[in-house]
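Structure, as structure tokens:
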Amino acid sequence: MPEPAPKKLFHIATFGCRTNQADTAALRDEFFQSSFQETDDSSLADVVVVNSCTVTHRSDQQVRQLVRRFRRLNPEAKLVVTGCYAQRSPRELASIPGVTAVVGNTHKGRLVQLTELVGVNPAGFVELAPVYRDSFDGSRALEPSPARRTGGRTRPFVKIQDGCDARCTYCIIPSVRGPGRSLPPDQVLGQVGRLVGLGFREIVLTGIHLGTYGRYLDPPFRLHRLLEELLQIEHLERIRLSSIEPMELSRRVLGIIEESQGRIAPHFHICLQSGCDRTLKRMLRPYTADRFAGLVEEVRSRIPEAGIGTDVIAGFPGEKEEEYRESRRFVERMPFSYLHVFPYSDRSGTVASQMGDKVAATTIQRRCRELREISDSKNSQFRRSFIGECLSGLTLDQMEAGRRSVITGNYLKGLVDPSLAPNRMVSLKVLGEDDAGRLILGN
């Protein structure tokens, strides 16, 4: 009897947010269902996929560099680019020599099928690769993209929402992700239930504008109701929310998190962008710095151990030095545990890209450096405040410095005894920290 033909191999590289990582998990599942096997070595793959981000010029550049590198390493593979950059500028990517196909977010759910329809586009071939992309329709229901295989992750991402209806002047995401759409609650519960049945203990809920979950479903079904339903799932030990907008973190959601006694992770990533009201107004952010501060202070007072992170943009058009300093002072006095600092990046098609009074690149770099120093200091203070205390955490599948990695409920990185298995919820005492700022936890 002849031996069966070897399975084809695929490799996926992912840029950007947790929503993109959830999309990658769904793509991985599609490939497995089409009798592919995954490889960590792109040079061995029959199909190489780059799931792209386009939030900044830097992310675009990194995508292009990786695409060219993959083609050099494996000229025989089908090379497919998908994601937000593919939705925004498909022809730009299709013109890169060796790209086989470009699949926008509108067609990402059919990527494996579409890939099978095209041949290899060898490096140096000048004809544009085929593009699969369309405009978003007006649907408000999110198509399910269940993933049963997580690529080794112990904390699978479940995408419950996609798209955004806000019109922040700097942001390209509404045009590349479409309008706000939500996964019906029964489908969310089904996906989470299946993952729990597979043995996962922590589930991360993701979305582009997570706090708007269910707003446009018929009938509406808001985030607080979904959380209440999820908490009824037996053996689901922890739910974690990805980033949430300040105007969407309602008192009802906060109350459910507080009352869950850690089953909903005490971790809040609340997007700020600037601590200066004048800058917030030019960004079209619908809150003031004082309102944001009140929310953060309420979170801290109700859940003292909570990790609270935020996003800050440095160098938004027209940001005078005094406005930057006002924003910096605001960040310094807020009880954040970390900051994600982004240099402002012009995105063609946004309102901000047409604004004058652009901030010099050297000034943006300096402001980013100062903000990141504040972030490092705040994170250090937050970590050290738990030395001698007990924290609950999930053991991960990676090892660092000869010990098992762990992520705590309030989003601190730690190390535990290497004999502990991954995907276990543990409660251990914080003994100290290592030189890399990782907590050492033990009995």
Of the numbered conditions (1) β-branched (Val, Ile, Thr); (2) in contact with a helix residue (DSSP H, G or I) (Cβ under 6 Å, 6 or more places away or on another chain); (3) surrounded by fewer than 19 Cβ atoms within 10 Å (Cβ to Cβ), residue 106 satisfies every one except a single condition; which is it?
(2)
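In the range 226-240, how many residues are charged (D, E, K, R) and more than 23 Å from the chain's Cα centre (by Cα)?
3
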What's the total number of residues in the range 183-217 that are under 17 Å from the mean Cα position of the chain (by Cα) and not β-branched (Val, Ile, Thr)?
7
Number of positions in the range 70-106 that are out of contact with any Leu (no Cβ under 8 Å at 6 or more places or on another chain) and within 14 Å of residue 54 (Cα to Cα)
10
Have a look at 34, 89, 52 and point out the one that is within 30 Å of residue 169 (Cα to Cα), outside the structural domain of residue 170 (by TED's automatic domain parsing) and at pLDDT below 95.
89
Tell me which helices (runs of 4 or more DSSP H) are completely within the range 196-283 and hold 2 or more residues being basic (Lys, Arg), or say none if there are none.
251-259, 277-283
Checking residue 25 against (1) at pLDDT 95 or above; (2) closer than 30 Å to residue 241 by Cβ, only one condition comes out false. Which one?
(1)
Of the residues 336, 342, only one is touching a strand residue (DSSP E or B) at 6+ places or on another chain (Cβ under 6 Å), assigned to a loop (DSSP other than H, G, I, E, B) and buried (at least 18 other Cβ atoms within 10 Å of the Cβ); which?
336
Any residue in the range 120-136 that's over 11 Å from residue 103 (Cβ atoms): show its pairings with residues that are assigned to a loop (DSSP other than H, G, I, E, B) and modelled with pLDDT under 80 at Cβ separation under 7 Å, as long as the two are six or more apart or on different chains.
121/129
Need a quick list: helices (runs of 4 or more DSSP H) entirely within the range 46-133 having at least 3 residues that are charged (D, E, K, R) and farther than 25 Å from residue 181 by Cα.
57-73
Considering residues of the range 154-176 that are surrounded by fewer than 20 Cβ atoms within 10 Å (Cβ to Cβ) and among the small types (Gly, Ala, Ser) only, the residue nearest to residue 282 (Cα to Cα):
166
Of the residues 117, 66, 79, which is surrounded by fewer than 16 Cβ atoms within 10 Å (Cβ to Cβ) and either aromatic (Phe, Trp, Tyr) or not assigned by TED's automatic domain parsing to the domain that holds residue 213 (or both)?
117
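Check whether at least one residue in the range 261-273 is polar (S, T, N, Q) and either on the phi > 0 side of the Ramachandran plot or in the same structural domain as residue 312 (by TED's automatic domain parsing) (or both), and report yes or no.
Restricting attention to the range 261-273, the residues satisfying the condition of being polar (S, T, N, Q) are 261, 273.
This time we only want the ones that are either on the phi > 0 side of the Ramachandran plot or in the same structural domain as residue 312 (by TED's automatic domain parsing) (or both), so: 261, 273.
Looking for residues that are polar (S, T, N, Q) and either on the phi > 0 side of the Ramachandran plot or in the same structural domain as residue 312 (by TED's automatic domain parsing) (or both), one finds at least one in the range 261-273, hence yes.
The values are calculated or read from the model by the stated rules, or taken from the named source; none is laboratory data. Computed from a predicted model, the values in this text were never measured in an experiment. Glycine also receives a Cβ, built like all others from the backbone with ideal geometry; neighbour counts cover every protein chain displayed.
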